[in-house]
Amino acid sequence: MIVEDLGKCYRIYPDATARVKETLSFGRRKFHEEKWAFRGVGFELLPGQALGVVGINGAGKSTLLKILTGTSRQTEGRYETIGTVSSLLELGAGFHPEFTGRDNIYMNALIQGVPRKKVDEQFEAIAAFSELGEYLDRPVRTYSSGMAMRLGFSASMLVNPNILILDEVLAVGDARFQKKCMDKFIEFRSADKTIIFVSHSVYHVREICDRAIWLHDGKVVMDADPVSVTDEYETRILEHIGSLAVPEGMDMAVSHGLAKIDSLELSRPRETGERLEYVTGEPLTITMKWHNPEREKGVFPIIAVIRNDGLLVFSTRPSRAVRREGEMHEAVLTIPSLQLLAGEYSINAYITDETGAHIMDQRLSACRFKVAHAGAAKGIFLADAHWADIVDHSVGPSTPEPGS
């Protein structure tokens, strides 16, 4: 896909009569204001690449996708796609609410040029993937948002496109189906297909994509690797809305049912009981316990340390996924010498699947702790730095005494 200087402008009329007046003036007078949704957007994607698009609401992300899928026309610029394109934009887009899910699958395939025979051959697999069961024979207007997402995603897979364009498809639906979608994305990329993925979830952008752009006020303000783009994006958000840290005493837990974090505890090695105050240089042990009701195999426990202003200090996970059989699990992270400087910190805990692309459970600000430091160093961490002897170069070489 090649996109060059793409832009979309809307005409905003103050009232209904203004449009009529402008039409009757045959272009001699202008009764509208121009509002650019975005302007000057350009990028090139190769087969097998996945592009993430981030930005606040109103930045122009969805409008860009509508143009790339052909559902809207650009005002300026050009784009070129090679191969078939399939998309999943707004929930229910392209579906007739009075038709059944089954009818909509056939209709959607027909519109995209898929022969009915191919739909017949693959329909059972599509139905199984959607997990809609008897609801496939009910009108789409009776579907929940999660069911509409299932139908749309399953139908888009039927086309087997070269380019897949997705707009917030993981924002709704249950965790099990989200994981199936993530697995499909990974499978899609491994087949040298191209993905354009719009999401407010920076975690998924980092895991799915190998490149990202940040749209702000209709302009591309950054185009780089996903980690750099999302870090800068989150930093800018923090500047505008303040700290993202969870308020004192609030433990935000989002369980997805596949695995559940039971507890997180801070302590010092060989000590019993939880400890919430430390001194720079002291050892720290973090014990995380979780259980897998369905004994899900291949999971990663992840620990992230966050400063009280929302800054990610560091995150870590084991080098290998946990594959042990059994429902209850415990992982211990030991930091022999805590090099954080004075401040207040919190810990986020996560359980992900083996790919790292799907969060099974998370606990934000599960633990809070304070660090004290008596030295003069400032910042986030104590660097292993040493001053050499100070030499005063303003003093010249000594002059020998006469006769010496």
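Consider Val221 carefully, then state whether it is closer than 16 Å to Asn57 by Cα, at pLDDT 80 or above and within 13 Å of the chain's Cα centre (by Cα). Talk me through it step by step, then tell me what you get.
Values: closer than 16 Å to Asn57 by Cα: yes; at pLDDT 80 or above: yes; within 13 Å of the chain's Cα centre (by Cα): no.
Against the criterion (closer than 16 Å to Asn57 by Cα, at pLDDT 80 or above and within 13 Å of the chain's Cα centre (by Cα)), Val221 does not qualify.
Among the residues that make up region 32-49, is at least one of them farther than 29 Å from Asp223 by Cβ, not in a strand (DSSP E or B) and not hydroxyl-bearing (Ser, Thr, Tyr)?
Yes.
For region 60-179, give me every one of the helices (runs of 4 or more DSSP H) that falls completely inside it and has 3 or more residues that are surrounded by fewer than 16 Cβ atoms within 10 Å (Cβ to Cβ), free of Cβ contacts under 8 Å to residues at least 12 places away in the same chain and aromatic (Phe, Trp, Tyr).
On the way: elements: 61-68, 101-111, 116-130, 145-158.
Helices (runs of 4 or more DSSP H) meeting the threshold: none at all.
Determine which member of the set Glu34, Glu124, Glu80, Glu76 is acidic (Asp, Glu) and closer than 23 Å to Thr194 by Cα. Outline the logic, then answer.
Numbers: Glu34 fails: closer than 23 Å to Thr194 by Cα; Glu124 fails: closer than 23 Å to Thr194 by Cα; Glu76 fails: closer than 23 Å to Thr194 by Cα.
Testing whether each residue is acidic (Asp, Glu) and closer than 23 Å to Thr194 by Cα leaves just Glu80.
Any idea which of (1) closer than 18 Å to Val41 by Cβ; (2) out of contact with any strand residue (DSSP E or B) (no Cβ under 6 Å at 6 or more places or on another chain) is the one Lys193 doesn't satisfy?
(1)
Might you check whether a residue that is under 29 Å from the mean Cα position of the chain (by Cα) and not small (Gly, Ala, Ser) occurs anywhere in region 113-125?
Of region 113-125, the ones under 29 Å from the mean Cα position of the chain (by Cα) are 125.
Narrowing further to those that are not small (Gly, Ala, Ser): none.
Checking region 113-125: not a single residue is under 29 Å from the mean Cα position of the chain (by Cα) and not small (Gly, Ala, Ser).
Between Thr63, Thr84, Thr69, which is among the β-branched types (Val, Ile, Thr), touching a strand residue (DSSP E or B) at 6+ places or on another chain (Cβ under 9 Å) and over 17 Å from Met157 (Cβ atoms)? Step through it out loud before you land on a result.
On the way: Thr84 fails: over 17 Å from Met157 (Cβ atoms); Thr69 fails: over 17 Å from Met157 (Cβ atoms).
Exactly one of Thr63, Thr84, Thr69 is among the β-branched types (Val, Ile, Thr), touching a strand residue (DSSP E or B) at 6+ places or on another chain (Cβ under 9 Å) and over 17 Å from Met157 (Cβ atoms), namely Thr63.
How many of the residues in region 326-368 are closer than 24 Å to Ile186 by Cβ and among the acidic types (Asp, Glu)?
The number of residues fulfilling the criteria is 3.
Which one is modelled with the highest pLDDT, of the residues in region 192-212 that are hydrophobic (A, V, I, L, M, F, W, C) and under 12 Å from the mean Cα position of the chain (by Cα)? Break it down into steps so the answer makes sense when it comes.
Keep residues of region 192-212 that are hydrophobic (A, V, I, L, M, F, W, C), which gives 195-198, 202, 205, 208-209, 212.
Next, only the ones that are under 12 Å from the mean Cα position of the chain (by Cα) stay: 197-198, 202, 205, 208-209, 212.
Numbers: Phe197: 91, Val198: 89, Val202: 80, Val205: 87, Ile208: 85, Cys209: 90, Ala212: 94.
Selected residue: Ala212.
Among the residues of region 305-360, what is the count of those that are in contact with a strand residue (DSSP E or B) (Cβ under 8 Å, 6 or more places away or on another chain), among the hydroxyl-bearing types (Ser, Thr, Tyr) and surrounded by fewer than 15 Cβ atoms within 10 Å (Cβ to Cβ)? Lay out the reasoning, then the answer.
Looking only at region 305-360, we keep the residues that are in contact with a strand residue (DSSP E or B) (Cβ under 8 Å, 6 or more places away or on another chain), and these are 305-308, 312-318, 321-322, 327-335, 338-354, 356, 358-360.
If we keep only those that are among the hydroxyl-bearing types (Ser, Thr, Tyr) too, we end up with 315-316, 334, 345-346, 350, 352.
Then drop every residue that is not surrounded by fewer than 15 Cβ atoms within 10 Å (Cβ to Cβ), which leaves 315-316, 334.
So the answer is 3.
The values are calculated or read from the model by the stated rules, or taken from the named source; none is laboratory data. As the structure is a computational prediction, the values presented were derived from the model and not from experiment. Heads up, the Cβs are rebuilt from the backbone with ideal geometry, glycines too, and the neighbour counts pull from every protein chain shown.
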